[in-house]
1. Please work out which residue is farthest from GLU189 (Cα to Cα), limiting yourself to the range 216-234 and to residues that are of a type in the set (A, V, I, L, M) and modelled with pLDDT of 95 or more.
2. Select, from TYR155, TYR241, TYR171, the only residue that is of a type in the set (Ser, Thr, Tyr) and more than 22 Å from THR104 (Cβ to Cβ).
3. What are the residue pairs meeting all of these: first residue in the range 286-309, first residue more than 14 Å from ASP252 (Cβ to Cβ), second residue assigned to a helix (DSSP H, G or I) and of a type in the set (S, T, N, Q), Cβ atoms under 6 Å, and 6 or more apart or on different chains?
4. Please pick out the residue among ASN188, ASN196 that is among the polar types (S, T, N, Q), within 16 Å of the ligand (Cβ to nearest atom), over 27 Å from LYS45 (Cβ atoms) and in contact (Cβ under 8 Å) with a residue 40 or more places away in the chain.
5. Which one of PRO224, PRO218 is in contact with a Pro (Cβ under 7 Å, 6 or more places away or on another chain) and in a loop (DSSP other than H, G, I, E, B)?
6. Could you figure out which of (1) in a helix (DSSP H, G or I); (2) among the small types (Gly, Ala, Ser); (3) surrounded by fewer than 20 Cβ atoms within 10 Å (Cβ to Cβ) isn't true of GLY335?
7. Quick check, is MET151 of a type outside the set (Ser, Thr, Tyr), at pLDDT 95 or above and either buried (at least 18 other Cβ atoms within 10 Å of the Cβ) or in the same structural domain as VAL41 (by TED's automatic domain parsing) (or both)?
8. Using the structure shown, decide if MET83 is more than 30 Å from SER184 (Cβ to Cβ), at pLDDT below 95 and either charged (D, E, K, R) or in contact with a Leu (Cβ under 9 Å, 6 or more places away or on another chain) (or both).
Amino acid sequence: MKPIEVVKDVYWVGAIDYDVRHFHGYSYTTHHGTTYNAYLVVGEKIALVDAVLGSFSEEMFSRISEIVEPEKIDYMISNHTEMDHSGAVPDVLKAMKKAKLVCTPRAVDELRKHYPDGWDTQTVKTGDEIDLGGKTLRFYEAPMLHWPESMFTYYVEEELLMPNDAFGQHYATEKRFADQVDQSTLWNEAEKYYANILWPLSSMVQRKIEEVLELGLPIKIIAPSHGLIWREDPLEIVKRYLAWAKGERTSDKVIIAWDTMWQSTTKLARAIASGIDSAGLTPLLRLIPHSDRSDIMAELLEAKGILVGSSTLHNDILPTVAPVLSDFEVLKPKGKKAAAFGSYGWGGGAAKRIQRSMEGGKMEVIMEPFTVQWVPTEEELNAAYEFGRAFAEAVK
Ligand code: FEO
């Protein structure tokens, strides 16, 4: 396994996981796998910045060994405790006998709870530096981006930011740099990553980015802990994070996500879609049982709004719709324009339940639910068309 030079004397020594299809339990699908990025900074002293998932430690060591014998490494820098980056730390500290573990004070307890071995630890806070002999690593605490102990490591002389999870994408490929891969896949994965991991933390994302920008820190390369490294126009991903955090970037898309029992709600969804199209926006039709909840959230990041529909079953939604509503409540797509619709028999609980979840997710419900009893008539389908058109006009 070959390491890849990122800049002079900094090597990517991580691992590529082509097979993983789920992240954070089953909440996030990784259609393109992922990478666990670790970086070796080689000066008079040597530091490994982050490690990999435990089951990939051999792959990481095979890359490190191409450059240096692991026991010669002086520092194991842990930017983040989550196990996809710290899982190999016990193996690392066994192999790197003299290495000191460097992390934030908050990481000490977290790491101890994950791995009970006692390690020689050096805690660092914002502005602290480690001199590798003419090569300086400086640390910036980044609490809640996305764990309390998260930190960024900055290699001063090469203006290289290693922000761990921030600015990553779940994208496994033999290429290491963002400019070498298909741009559509790259940005789709970056959006999906933000929507499913960072969206609920948007206010903190905005604050931290503005703080870093105010420092005037020159940044030539951003090397995250997942996916591709940003070396051409690295500030583009930073700008997009800011725009996503503020809800500023929108496409012409409106999502219609629904499930149906006897096709009545599907008929409404199709009529609503025609109405949206007639207003000049692009409807994305997502029958929830055939769709992926984390893809829907990724599409929602830049969509103008979303309509969610369900038939009513037992005075509630169809159970298939629940994961989408759960994502609204936890990922909190704040301010995203929304409305509910659906058919019912003798009691119409589904649309109200959908609206409650939208409000719980701090979304902006701009229209009362559109509901019909039993099977929609021609008139009711025309009304659904007008409902879609009015929604589109309102979100334009
Ligand atoms: Fe928060 Fe990639 O782990």
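1. Among residues in the range 216-234 that are of a type in the set (A, V, I, L, M) and modelled with pLDDT of 95 or more, the one farthest from GLU189 (Cα to Cα) is ILE219.
2. Of TYR155, TYR241, TYR171, the one residue that is of a type in the set (Ser, Thr, Tyr) and more than 22 Å from THR104 (Cβ to Cβ) is TYR171.
3. Close Cβ pairs satisfying both conditions: ILE288/THR320; PRO289/THR320; SER294/ASN196; MET297/ASN196; GLY309/THR265.
4. Only one candidate qualifies: ASN196.
5. Residue meeting the stated conditions: PRO224.
6. Every condition holds for GLY335 apart from (1).
7. yes
8. So MET83 fails the test.
The values are calculated or read from the model by the stated rules, or taken from the named source; none is laboratory data. Just so it is clear, the model here is predicted, and its values are computed rather than measured. No Cβ is skipped: glycine too gets one built from the backbone with ideal geometry, and neighbour counts run over all protein chains shown.
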